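So the structure is just underneath, and the comments pick up after that.
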Amino acid sequence: MSRALVWLSAGTGLGLLAIAGFVRAGLYNVAADAPHTRPVYALLDAVRTYSIARHAEGIEVPDLDDPAKVVQGAGNYEAMCASCHASPGSGETELSRGLYPAPPDLTQVTVAPAQAFWVIKHGIKASGMPAWGKSMEDEYIWAMVALLQVLPTLDRAHYRALVERSEGHSHGAGAKPHAHPAAGDAGPDPGSAGHAHPPGTPPHHDAPDAGADPGTRAPAHPSHHDATGGER
């Protein structure tokens with residue numbers, strides 16, 4: 001073995017030991033309120049960008065101009081995405097301020113359809129972006145992609161109108177649609193038919209007979225939703 005190779009091997013070994021020591025000492029601050037150093041951020045950003053582009057290659061994009069797709073996508077976006085990626089007129093959200101790296105404001109940028117589909121379906125490691133494909137069928141993901149193509153052109157009123165026309169959080173895979181009220185709306189009357197009951201709640205009649213004594217009406221139970229879609 002040549003002397004140069006010996007020195008190279010020794011240097012590599014020492015370098016690996018130094019890295020291991022640095023890691024074990026916990027010297028790198030992983031707190032979300034302490035940004036990466038520029039070299040680390042640049043490396044992670046490049047890995048993410050090229051990985052998404054590579055894995056999205058060959059994805060066949062369906063027709064996204066169908067207004068019904070946009071409406072359906074609006075309901076799921078409001079339930080599952082708006083809390084991090086904003087909605088027209090909402091500005092920065094509580095979650096987007098706390099996440100690092102900050103999730104993109106999708107009211108300001110348009111993501112290429114194939115890449116948007118891949119990211120929504122598979123998520124991104126160590127970023128806070130879930131793999132929604134574990135619970136959402138492809139057709140519903142494409143509906144969200146359709147919404148994303150027009151989202152930067154919408155104002156608050158148009159966006160809210162789309163959400164109100166949608167089925168709310170509905171994405172197949174055995175899930176049942178449940179509507180989400182518009183911002184500022186107190187939601188459905190807890191005593192109205194069709195409201196959700198917590199697990200274990202005894203069955204009762206949601207709507208009393210027309211002549212029933214109001215005092216005998218069973219107590220109402222409010223709907224229970226996870227504001228982020230139950231999967232975040």
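In the stretch 35-57, how many are among the small types (Gly, Ala, Ser) and touching a residue at least 40 places away in the same chain (Cβ under 8 Å)?
So the count comes out to 2.
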| request: Looking for whichever is in contact with a Lys or Arg (Cβ under 8 Å, 6 or more places away or on another chain) and among the aliphatic types (A, V, I, L, M) here; the options are Val71, Val61. Which one fits? | output: Val71
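Go through the stretch 112-133 and count every residue that is at negative phi, free of Cβ contacts under 8 Å to residues at least 60 places away in the same chain, part of a loop (DSSP other than H, G, I, E, B) and in contact with a Pro (Cβ under 8 Å, 6 or more places away or on another chain).
Summing the residues that are at negative phi, free of Cβ contacts under 8 Å to residues at least 60 places away in the same chain, part of a loop (DSSP other than H, G, I, E, B) and in contact with a Pro (Cβ under 8 Å, 6 or more places away or on another chain) in the stretch 112-133 gives 0.
Could you identify the single residue in Ala102, Ala53, Ala68 that is assigned to a helix (DSSP H, G or I), within 25 Å of Arg160 (Cα to Cα) and in contact with a helix residue (DSSP H, G or I) (Cβ under 9 Å, 6 or more places away or on another chain)?
Exactly one of Ala102, Ala53, Ala68 is assigned to a helix (DSSP H, G or I), within 25 Å of Arg160 (Cα to Cα) and in contact with a helix residue (DSSP H, G or I) (Cβ under 9 Å, 6 or more places away or on another chain), namely Ala68.
We did not get these values from a lab; they are worked out from the coordinates using the rules stated. Everything quoted here is computed from the prediction, not taken from an experiment. Note that each Cβ is placed from the backbone with ideal geometry, even for glycine, and that neighbours are counted across all protein chains shown.
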